[in-house]
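Notes for the one structure printed next.
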Amino acid sequence: MTGPPSDGFASPLARELAPEALERLLRYVVIDTQADPSSDSQPSTAKQLELSRMLADELRAIGARDVDLDRHGYVFATVPATTTRTVPAFGLLAHVDTSPDATGAGVRPQVVRYDGGDVVLPGDPSQVLRPDDMTELREHRGHDIVTTDGTTLLGADDKAGVAEIMTAAAYLLRHPEIEHGDVRIAFTVDEEIGRGVRHFDIERFGAIAAYTVDGSSAGEIEAETFHACGIEVVIHGHVVHPGLAKGRMVNAVKLAAALVDALPKDSMSPETAEGRDGFLHPMLVEGSAQRCTITMIARDFERPKLDDYVEHLRGLARALEEREPRARVTVDVTEQYRNMWDYLRDAPEVVARAEEAIRRAGLEPRRASARGGTDGALLSARGLPTPNIFTGGHAYHSVREWICVHDMGAAAATLVHLARVWAEDAP
């Protein structure tokens with residue numbers, strides 16, 4: 001077996017596909033597609049449709065079939081089968097929207113040859129990529145990486161996945177000698193605000209399994225996510241004129257501060273969690289002395305532990321009411337998604353095929369647990385097994401987001417090999 005190329009690419013195919021994947025990424029990231037959680041429409045922002053329309057046009061131009069941009073902003077297409085054998089269709093998905101955590105407008109991407117040390121981002125020199133903070137950087141000496149100027153998101157989450165799927169689709173369409181079944185493609189909207197597949201029609205999609213291309217480090221496949229719930233704590237106080245408040249006022253803002261302060265300091269929080277640790281995370285406090293709301297999320301890989309976090313919070317709420325009986329505290333919990341391993345364990349071949357494709361792309365596959373959610377978690381729960389494949393991106397949701405061009409080539413190569421593996425495994 002021929003080893004990897006000496007220039008650091010995982011395989012010859014990865015080297016071949018990397019330039020196209022990069023070119024597509026650089027075009028896509030300059031389009032502002034930030035999602036808006038305060039909007040009730042889908043897509044939540046009309047600007048997401050600019051990229052969706054571009055992708056639909058590009059899919060038609062490369063020869064994809066069944067291309068459609070529907071009223072919800074989803075783009076669908078098919079890379080048609082090249083074999084007369086019966087091969088089940090599988091799908092590839094990525095999302096066009098970017099996170100609300102930092103601006104996605106005015107993105108100025110740069111390609112940097114990383115030779116070690118710190119990378120100072122030119123638009124804001126206080127933003128620095130440091131290998132001491134980002135250990136993954138140490139693995140990419142001599143590679144090209146893409147960053148922003150430090151004032152915006154890059155948007156590799158998940159425009160890298162979009163670029164890699166488009167690159168793989170174009171390659172398959174240029175090479176009809178590669179035997180494969182139908183490959184269904186979908187680009188979704190609003191994934192970053194938890195609505196990515198709210199209106200996704202699985203039956204129309206027509207695949208028996210799928211893969212989101214929305215992961216991180218090269219070689220990783222994620223077949224497990226958190227169990228997740230959203231929590232809204234509402235504290236009702238009592239307001240009177242502050243000049244006449246002695247013995248009468250119940251300040252909901254102060255009670256909210258006390259509840260947040262009572263959360264564990266050394267555990268059960270994102271600041272202290274890693275690996276398989278879960279957390280209980282206050283994200284937003286807003287309101288007045290009369291009524292104050294704390295918006296929180298809870299996450300864990302084990303459902304009983306997630307339930308323990310919620311019960312711990314309910315206990316803090318009860319203690320607050322006991323301390324101040326005139327206040328009223330409500331805790332409302334909404335399930336957001338479940339650990340997709342609960343569903344993927346019944347479809348081991350879906351994960352195994354991705355692992356084989358990763359090997360053929362020149363990497364050693366590694367199973368990882370996603371410390372977050374994906375469209376795949378929701379689709380898996382609805383009956384479409386959908387693990388998550390790496391893109392090569394890092395530091396998502398941050399102005400220090402970056403991605404390795406070598407790894408983008410490896411991701412696109414993995415998707416090409418995945419089409420082959422599905423055809424080979426067909427009876």
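Tabulated data
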| quantity | calculated |
| --- | --- |
| Tilt relative to the chain, helix 405-425 - C-alpha long axis, 0 to 90 degrees, to 10 | 70 degrees |
| Karplus (6.51, -1.76, 1.60) ³J(HN,Hα), θ = phi - 60°, over the range 165-176, in Hz, Gly and Pro reported as x | 5, 4, 5, 5, 4, 4, 5, 4, 6, 7, 10, x |
| Correct option for Cα extents along the principal axes in Å [calculated from the coordinates] among (1) 73, 72, 45; (2) 83, 48, 38; (3) 61, 48, 45 | (2) |
| Gained length - Val111 relative to Asp57, 0.36 nm times residue gap less alpha-carbon distance | 16.8 nm |
| For the chain, built as a Gaussian network whose Cα springs stay under 10 Å, the top-fluctuating residue of Thr225, Thr188, Thr103 | Thr103 |
| Computed lengthening from Arg174 to Glu321, 0.36 nm per intervening residue step minus Cα-Cα distance | 46.2 nm |
| Additional length obtainable on full extension of the chain from His236 to Arg276, 0.36 nm per residue less Cα span | 10.9 nm |
| Carbon plus sulfur fraction of accessible area for the range 43-84, probe 1.4 Å, in percent | 46 percent |
| The range 96-253 - percent of accessible surface contributed by carbon and sulfur, probe 1.4 Å | 46 percent |
| Alpha-carbon centroids, the range 331-397 and the range 239-288: separation in whole Å | 33 Å |
| Within the accessible area of the range 314-357 (1.4 Å probe), percent carbon and sulfur | 44 percent |
| Under 5 Å, built H, 5+ apart or other chain: amide partners of Gln336 | Ala228, Cys229, Gly230 |
| Max mean-square fluctuation residue, GNM over the chain, Cα-Cα springs under 10 Å, options Glu139, Glu349, Glu224 | Glu139 |
| Largest-first ordering by accessible area, 1.4 Å probe, given options Ile297, Ile165, Ile62 | Ile62, Ile297, Ile165 |
| Mean residue ellipticity (222 nm) of the chain, computed from DSSP H runs ≥ 4 via -39,500 (n - 2.57), nearest 500 | -10000 deg cm²/dmol |
| Acute angle (nearest 10 degrees) that the helix 48-62 long axis makes with the longest principal axis of the chain, alpha-carbon atoms | 10 degrees |
| Accessible area of the chain divided out per residue, in Å², using a probe of 1.4 angstrom | 42 Å² |
| Candidates Ala105, Ala354, Ala169, ranked by Gaussian network fluctuation over the chain, Cα under 10 Å, top entry | Ala105 |
| Hits among lysines - C-alpha to C-alpha of Lys265 under 25 Å, sequence gap 8 or more where chains match | Lys254, Lys305 |
| Longest exposed-site-free window of the chain, the sites being trypsin sites (Lys or Arg not before Pro) in a DSSP loop that have at most 15 other C-beta atoms within 10 Å | 1-70 |
| Förster-model FRET efficiency, 35 Å R0, Val128 and Ala262, C-beta, rounded to 0.05 | 0.50 |
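The values are calculated or read from the model by the stated rules, or taken from the named source; none is laboratory data. Please read all numbers here as calculations on a predicted model, not as lab measurements. Every residue, glycine as well, gets a Cβ built from its backbone with ideal geometry; the counts of neighbours run over all protein chains shown. Heads up: the accessible areas ignore ligands, DNA and RNA and are worked out on the full protein's heavy atoms, side chains in. Shrake-Rupley method; radii C 1.70, N 1.55, O 1.52, S 1.80 Å.
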